[in-house]
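These notes concern the structure reproduced below.
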Amino acid sequence: MSLLEPASLTEALLVAKGAAAPSRFTTTRSSAGAGAGGRARQPDGRARLPLRLDEKRHRRLRLATAHLRKSGQALLLAALDHYLDHVVPTLIEGRCHCLACGMTPPAPSPAQGPA
């Protein structure tokens, strides 16, 4: 049986009351391993951040990554670093010492591979 096919209803699905257990195909989201505020962190300390893109932006990002031979993550990190280092200080007119002292993290090593 494929995971994409619906399960057939048979007596194998029936269990005695109180003896029910999740199937091995069941997935659940848990907060195990989540940091402050329930945000999940990778074992290497990096945070996961979902990003929703409309179709046009997604296509442009994919084209740019192909032309530049860089991963989407590398391109987005470079764009974020540029924005935080050059655009935000102009917008807030230097009113945040914490941002002004922040350093751009190093680029991911080639060992980490594309996103």
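The values are calculated or read from the model by the stated rules, or taken from the named source; none is laboratory data. The shown structure was predicted, so the numbers you read here are calculated from the model rather than taken from an experiment. Neighbour counts are summed over all protein chains in view; Cβ atoms, including those assigned to glycine, are modelled from backbone coordinates with ideal geometry.
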Query - Qualifying position, being modelled with pLDDT under 85, part of a helix (DSSP H, G or I) and surrounded by fewer than 10 Cβ atoms within 10 Å (Cβ to Cβ), among Ala21, Ala12, Ala32 - result: Ala12
Query raised in the report: Do any residues in the range 60-87 that are over 21 Å from Leu49 (Cα atoms) have Cβ atoms under 6 Å from those of residues that are assigned to a helix (DSSP H, G or I) and not charged (D, E, K, R), where the two are at least six apart or on different chains, and which pairs are they?
Result: none
